[in-house]
Every structure is written in structure tokens, then in C-alpha cells.
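No lab work stands behind these numbers, since they all come straight from the coordinates. None of these values were measured; they are calculated from a predicted model. A quick note on method: Cβ atoms are made from the backbone with ideal geometry, for glycine too, and the neighbour counts reach across all protein chains shown.
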Amino acid sequence: GGGLRRQILRYGLVGGIGFVTDAGVLYALTSAGAGFYRARLASFAVALTVTWALNRHWTFGRRGRDGLARSYAGYLAVQLGGALANFLVYAGVLRLIPPTPAHAVLALACGSAVGLVVNFTGARLVFAPR
């Protein structure tokens, strides 16, 4: 229905914001000399928090219905499945091309594409009305 289409559109927009956040932090950290894997973990944590807040309030409209800690923990648990696939693809791409800050962002894009469907499905479950 229209609700699902609206959620998918909003989730995609939030995902785009999350990707830009993730890529920006990753690029900044790797350009500053941080390791490619530690920088990826840090950029993931920042992007996860940004997308959780936007999805909770805008995509799925869960304004204060659940506790923040419980909501964040559920979102984190679900996102870790997609994040694992994302990180494995990221690491695999960096083994195929020379690791540079720009290539790290390319590897991130490849990994992000892989985790998208898993993460959307899980997020719908986390934010579903009880």
C-alpha cells in the first residue's frame, strides 16, 4: 500500500543521508591517516546513530513510543546483519584495488548496496507497532 511505498522512499532517503555521513567520516579519517578498518568501524557507528534517529522519527514515526535505549539496541541488532555483509564486501573490494581514501568510499558503496534489503526488512520489524 501507500504506507509501505512511503516507508521505502523515506528509508531510501535516510539511507542516502546515512551513506553520505558514513562516506564523509570514512574519507576524513582515512585522509587523516586512520587505518581503513578502524575508520570503517567509526564511520559505521556515526552513520548508524544518524539513520536510527531519522528512521525512528521520520520513516517509521516511532516518536517516543518505545524507550530510546531499547529502540537503539533493537535497531543496532538488526543493522549488524546488514553491516556484516557490508563490511565483508568492503574488505573484499579493498583487497582487489589499492586502498586509498577514495577507494575506501567506493568499497563502502559496494558494501552498502549489499546490506540495503536486509536492513530495511529488519528496521520495519524494529519500528513496527506493538
Given (1) crowded, with 20+ Cβ neighbours inside 10 Å; (2) more than 16 Å from L94 (Cβ to Cβ), number of the condition G12 does not satisfy
(1)
When the stretch 97-111 is checked residue by residue, the ones that are touching a helix residue (DSSP H, G or I) at 6+ places or on another chain (Cβ under 9 Å) and either hydroxyl-bearing (S, T, Y) or farther than 17 Å from G16 by Cβ (or both) are I97, P99, T100, P101, A102, H103, A104, A107
